[in-house]
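Engineer: Dumping the structure here so I can ask a few things about it.
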Amino acid sequence: YNVPPAAYLATHPHLTNLVVSALIIHAPTGRALLIQRAAHDGFPLKWECPGGQVDAGADATVLHALCREVREETGLALPLPLPLPDVADVLDTIEFPGGGGSNWRKITFLVLLAEDDGDEKLPPPVRLDEREHQDAVWATGEEVQAGRCEGREIVFAYEGQRE
């Protein structure tokens, strides 16, 4: 995944586009970051992991795209190069058709945040892009499975994210 998007797509000729997402776990607490889509956006009010489309013209690698999308959507800066030594850190890949005959692949990566500059017992603060997302929570695995966190109902954009 530390390859240019065009090179990745060249080795998967049936694909036309890539989407990346990050299941971000705050290692000291074991909590996962979930963000809620804006009411006026696609999949309104649904929850998801941060991520978005890979820009083959601007992103140096697929992993650069992941870091860019996480930063744009949450304000969190992931270090590059990401410590992703093998595909064990890829949690999920799904493929789906798009408009105009396009074929998409979404790759979800596991990203562990060891600690931040502040109190390592608390996950770092999240700064959302309000054009795309309206809420964020750091949820435990139990809260994700129950579909509730801090009084909020967690309904995912697609059910596979709950797993």
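Engineer: Within the bounds of the range 55-64, is there any residue that is crowded, with 19+ Cβ neighbours inside 10 Å, of a type in the set (Gly, Ala, Ser) and at pLDDT 95 or above? Explain how you work it out, then say what you get.
Structural biologist: Of the residues in the range 55-64, the ones crowded, with 19+ Cβ neighbours inside 10 Å are 59, 61-64.
Subsequent filtering for residues that are of a type in the set (Gly, Ala, Ser) retains none.
Scanning the range 55-64 turns up no residue that is crowded, with 19+ Cβ neighbours inside 10 Å, of a type in the set (Gly, Ala, Ser) and at pLDDT 95 or above.
Engineer: Consider Asp55 carefully, then state whether it is assigned to a loop (DSSP other than H, G, I, E, B) and farther than 24 Å from Gly101 by Cβ. Step through it out loud before you land on a result.
Structural biologist: Numbers: assigned to a loop (DSSP other than H, G, I, E, B): yes; farther than 24 Å from Gly101 by Cβ: no.
Answer is no for this residue.
So that you can scan it fast, the table gives a plain yes or no per residue for (1) under 19 Å from Asp129 (Cβ atoms); (2) in contact with a Leu (Cβ under 9 Å, 6 or more places away or on another chain); (3) touching a residue at least 12 places away in the same chain (Cβ under 8 Å):
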{"position": "Thr16", "(1), (2), (3)": "no, yes, yes"}
{"position": "Ala22", "(1), (2), (3)": "yes, yes, yes"}
{"position": "Ala32", "(1), (2), (3)": "no, yes, yes"}
{"position": "Glu69", "(1), (2), (3)": "yes, no, yes"}
{"position": "Leu78", "(1), (2), (3)": "yes, yes, yes"}
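Engineer: Take the range 151-163 and flag every residue that is assigned to a loop (DSSP other than H, G, I, E, B), modelled with pLDDT under 95 and loosely packed, with under 12 Cβ neighbours inside 10 Å.
Structural biologist: Within the range 151-163, just Glu163 meets the criteria.
Engineer: Right, here's the next one. Criterion first (among the β-branched types (Val, Ile, Thr), more than 22 Å from Ala139 (Cα to Cα) and touching a helix residue (DSSP H, G or I) at 6+ places or on another chain (Cβ under 7 Å)) does Val3 satisfy it? Full working, then the answer.
Structural biologist: Working: among the β-branched types (Val, Ile, Thr): yes; more than 22 Å from Ala139 (Cα to Cα): yes; touching a helix residue (DSSP H, G or I) at 6+ places or on another chain (Cβ under 7 Å): yes.
The answer is yes for Val3.
Engineer: It is to be established whether one or more residues within the range 22-43 are buried (at least 18 other Cβ atoms within 10 Å of the Cβ) and of a type in the set (Phe, Trp, Tyr).
Structural biologist: Looking through the range 22-43, none of the residues is buried (at least 18 other Cβ atoms within 10 Å of the Cβ) and of a type in the set (Phe, Trp, Tyr).
Engineer: Considering (1) in a helix (DSSP H, G or I); (2) under 27 Å from Tyr8 (Cα atoms); (3) modelled with pLDDT of 90 or more, say which one Glu142 fails and leave the rest.
Structural biologist: (2)
Engineer: Another one. Looking at the range 1-24, which of the residues that are part of a strand (DSSP E or B) and over 11 Å from the mean Cα position of the chain (by Cα) is nearest to Ala60 (Cα to Cα)? So that I can check it myself, show each step before the final result.
Structural biologist: If we filter the range 1-24 for residues that are part of a strand (DSSP E or B), which is where we start, we get 17-24.
Subsequent filtering for residues that are over 11 Å from the mean Cα position of the chain (by Cα) retains 17-18.
Numbers: Asn17: 15, Leu18: 14 Å.
Among them, the one singled out is Leu18.
The values are calculated or read from the model by the stated rules, or taken from the named source; none is laboratory data. Predicted, not measured: the structure shown is a model, and the values here were computed from it. All Cβ positions, glycine included, derive from the backbone under ideal geometry; neighbour counts span all protein chains shown.
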